[in-house]
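Trainee: Encoded as structure tokens, here's the structure I'll be asking about.
The values are calculated or read from the model by the stated rules, or taken from the named source; none is laboratory data. Just so we're clear, the structure is a prediction, and the values are computed from it rather than from any experiment. Cβ coordinates were reconstructed from backbone atoms using ideal geometry, including for glycine residues, and neighbour counts include every protein chain displayed. Quick note on the areas: whole protein, heavy atoms, side chains included, nothing else; ligands and nucleic acids left out. Shrake-Rupley method; radii C 1.70, N 1.55, O 1.52, S 1.80 Å.
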Amino acid sequence: MKILITILLASIFLNHAYSQNEIVLYNKFNSGIPSDTVNAFAIDKNGNKWIGTYKGLVKFDGKNWVKYDSTNSNFYYSNPIIDIKVDHNDNILVGCWGNINGLNFFDGKKWKFINGGRGFVVINSIAVDSQNTIWIGSNAWDGGTGLGKISGDSIKVYTEWEKYIPANDIRAIAIDKDNIPWIATWRNNGLGLTKFDKEKPTTFTTANSELTSNNITVINPDIDGSLWIGTEESGINIFKNGKCTKYSTDNSKLPNNSISAIIDDGFGTKWIGTKGGGLVKFKDGIWTTYNGENSNIPNNINAIYMDTKGCLWILANIGLICFKIPK
């Protein structure tokens, strides 16, 4: 009975979405994704969507769904996928929870592991810089591997033990316009924002900067050199040279202070995902919210991505949503 009700609800959602001609929901009942909890997403040069779920990895070419498991990849069981990136050579980089040999690498023909020296069991975050260097951040659950730097066949690991970073648990990595990695480390309530410039880290916290929180969830570099920083509980900080412009529920129409995603659409609009307030569009000082009160966008969002056709891909615990951006 529970499954039947879920299918009926999904059908209602889809029928309403198609009538609006702007929202399509993919879930385990109408697509090839193995779980409705979607955590990671990337698009390769051929337009294939790579989708990471709580129960494994799927590729979607617009018509066909291919699941990667023990029959065609390194995934020996349904690994929870945490992050996916595509490098400049169109290789697929997959970070997951539970593979003992580290980052998973797919060149279009075969899979291989990339071992991070001490071994990366849980990969929280992946970033690729302009030189095609891969930066990976681990979850300290695996013993605290820290920050990995992979350049060709060279692998180097930076840890808190050598005082490169505040903690080995890395929640987010982003590369700014100057090709400098910025990382958010976490322990208990977060340890701030670290600029990893030429292996000489500088860490900004609430104690030495205008950051409103050390508990950082998202880092989004802007073309103007600022960083849009999402926090766990205090909204958004626009950070530049230690100074911050702050947006929260107290001084703006941001619907929730728990930020899960921030992206720029390339036309001056920021799209913000929240845990509890849905999706937010911010442009020219105007805040527009899409959530369960006025649309079929869920209130809890895991991440947001954008394709070249003006569609936002919203990752949530009810599946994968394609949201055609209103003009």
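Trainee: crowded, with 23+ Cβ neighbours inside 10 Å, polar (S, T, N, Q) and under 27 Å from T185 (Cα atoms), is that true of T274?
Mentor: On the way: crowded, with 23+ Cβ neighbours inside 10 Å: yes; polar (S, T, N, Q): yes; under 27 Å from T185 (Cα atoms): yes.
Answer is yes for this residue.
Trainee: Filter the range 51-86 down to the residues that are over 14 Å from the mean Cα position of the chain (by Cα) and among the polar types (S, T, N, Q) and list them by number.
Mentor: N64, S70, T71, N72, S73, N74, S78, N79
Trainee: Pick out the one residue from A140, A127 that is at pLDDT below 80, touching a strand residue (DSSP E or B) at 6+ places or on another chain (Cβ under 9 Å) and hydrophobic (A, V, I, L, M, F, W, C). Step through it out loud before you land on a result.
Mentor: Working: A127 fails: at pLDDT below 80.
Just a single option satisfies the conditions, and that option is A140.
Trainee: Let me ask another. Out of all the residues in the range 312-327, which are within 10 Å of E22 (Cα to Cα) and aromatic (F, W, Y)?
Mentor: F323
Trainee: Could you check W135 against (1) closer than 26 Å to K240 by Cα; (2) part of a loop (DSSP other than H, G, I, E, B); (3) open to solvent by 10 Å² or more (accessible area, probe 1.4 Å) and say which number it fails?
Mentor: So the condition that W135 fails would be (2).
Trainee: In addition: How about the range 19-35: which of its residues are more than 17 Å from N64 (Cα to Cα) and either crowded, with 21+ Cβ neighbours inside 10 Å or free of Cβ contacts under 8 Å to residues at least 40 places away in the same chain (or both)?
Mentor: The initial filter retains those residues of the range 19-35 that are more than 17 Å from N64 (Cα to Cα), namely 19-23.
Selection gives S19, I23.
Trainee: Here is a further query. Pick out the one residue from T231, T205, T212 that is of a type in the set (S, T, Y), under 19 Å from the mean Cα position of the chain (by Cα) and surrounded by 14 or more Cβ atoms within 10 Å (Cβ to Cβ).
Mentor: Details: T205 fails: under 19 Å from the mean Cα position of the chain (by Cα); T212 fails: under 19 Å from the mean Cα position of the chain (by Cα).
Only one candidate passes the filter, namely T231.
Trainee: N39 - would you say it is modelled with pLDDT under 80, surrounded by 18 or more Cβ atoms within 10 Å (Cβ to Cβ), under 19 Å from S138 (Cα atoms) and within 19 Å of the chain's Cα centre (by Cα)? If you could, list the steps in order and put the result at the bottom.
Mentor: Working: modelled with pLDDT under 80: no; surrounded by 18 or more Cβ atoms within 10 Å (Cβ to Cβ): yes; under 19 Å from S138 (Cα atoms): yes; within 19 Å of the chain's Cα centre (by Cα): yes.
Taking the combined requirement at face value, the residue does not satisfy it.
Trainee: Pull up the range 281-321, narrow it to residues that are of a type in the set (A, V, I, L, M, F, W, C) and touching a helix residue (DSSP H, G or I) at 6+ places or on another chain (Cβ under 9 Å), then point me to the one that is least open to solvent (accessible area, probe 1.4 Å).
Mentor: The initial filter retains those residues of the range 281-321 that are of a type in the set (A, V, I, L, M, F, W, C), namely 282, 286-287, 297, 301, 303-304, 306, 311-316, 318, 320-321.
Remaining after also requiring touching a helix residue (DSSP H, G or I) at 6+ places or on another chain (Cβ under 9 Å): 318, 321.
Details: I318: 69, I321: 0 Å².
Here the residue is I321.
Trainee: Let me ask something additional. Kindly evaluate D224 against the criterion of being at pLDDT below 95 and open to solvent by 40 Å² or more (accessible area, probe 1.4 Å).
Mentor: Details: at pLDDT below 95: yes; open to solvent by 40 Å² or more (accessible area, probe 1.4 Å): yes.
Yes, satisfied.
Trainee: Mind counting the residues in the range 20-76 that are under 23 Å from S125 (Cα atoms) and part of a loop (DSSP other than H, G, I, E, B)?
Mentor: The first filter runs over the range 20-76 and keeps only residues under 23 Å from S125 (Cα atoms), leaving 33-45, 47-60, 67-69, 73-76.
Keeping just the survivors that are part of a loop (DSSP other than H, G, I, E, B) gives 33-37, 44-45, 47-48, 54-55, 69, 73-76.
Qualifying residue count, the range 20-76: 16.
Trainee: Quick one: how many residues across the range 154-202 are closer than 23 Å to T231 by Cα, in contact (Cβ under 8 Å) with a residue 12 or more places away in the chain and part of a strand (DSSP E or B)?
Mentor: Residues in the range 154-202 being closer than 23 Å to T231 by Cα, in contact (Cβ under 8 Å) with a residue 12 or more places away in the chain and part of a strand (DSSP E or B): 17 in total.
Trainee: Surrounded by fewer than 20 Cβ atoms within 10 Å (Cβ to Cβ), more than 19 Å from the chain's Cα centre (by Cα) and within 28 Å of P326 (Cβ to Cβ), is that true of D178?
Mentor: Working: surrounded by fewer than 20 Cβ atoms within 10 Å (Cβ to Cβ): yes; more than 19 Å from the chain's Cα centre (by Cα): yes; within 28 Å of P326 (Cβ to Cβ): no.
Against the criterion (surrounded by fewer than 20 Cβ atoms within 10 Å (Cβ to Cβ), more than 19 Å from the chain's Cα centre (by Cα) and within 28 Å of P326 (Cβ to Cβ)), D178 does not qualify.
Trainee: Turning to a different aspect of this structure: Among the residues of the range 47-60, write down those that are at pLDDT below 95 and open to solvent by 30 Å² or more (accessible area, probe 1.4 Å).
Mentor: Residues satisfying the conditions are Y54, K55.
Trainee: Now, a different point. Can you list the strands (runs of 3 or more DSSP E) found entirely within the range 247-295 that contain at least 2 residues being under 14 Å from G230 (Cβ atoms) and at pLDDT 95 or above? Walk me through it before giving the result.
Mentor: Values: elements: 259-264, 270-274, 279-283, 286-290.
Of the strands (runs of 3 or more DSSP E) lying wholly inside the range 247-295, those with at least 2 residues that are under 14 Å from G230 (Cβ atoms) and at pLDDT 95 or above span 259-264, 270-274, 279-283.
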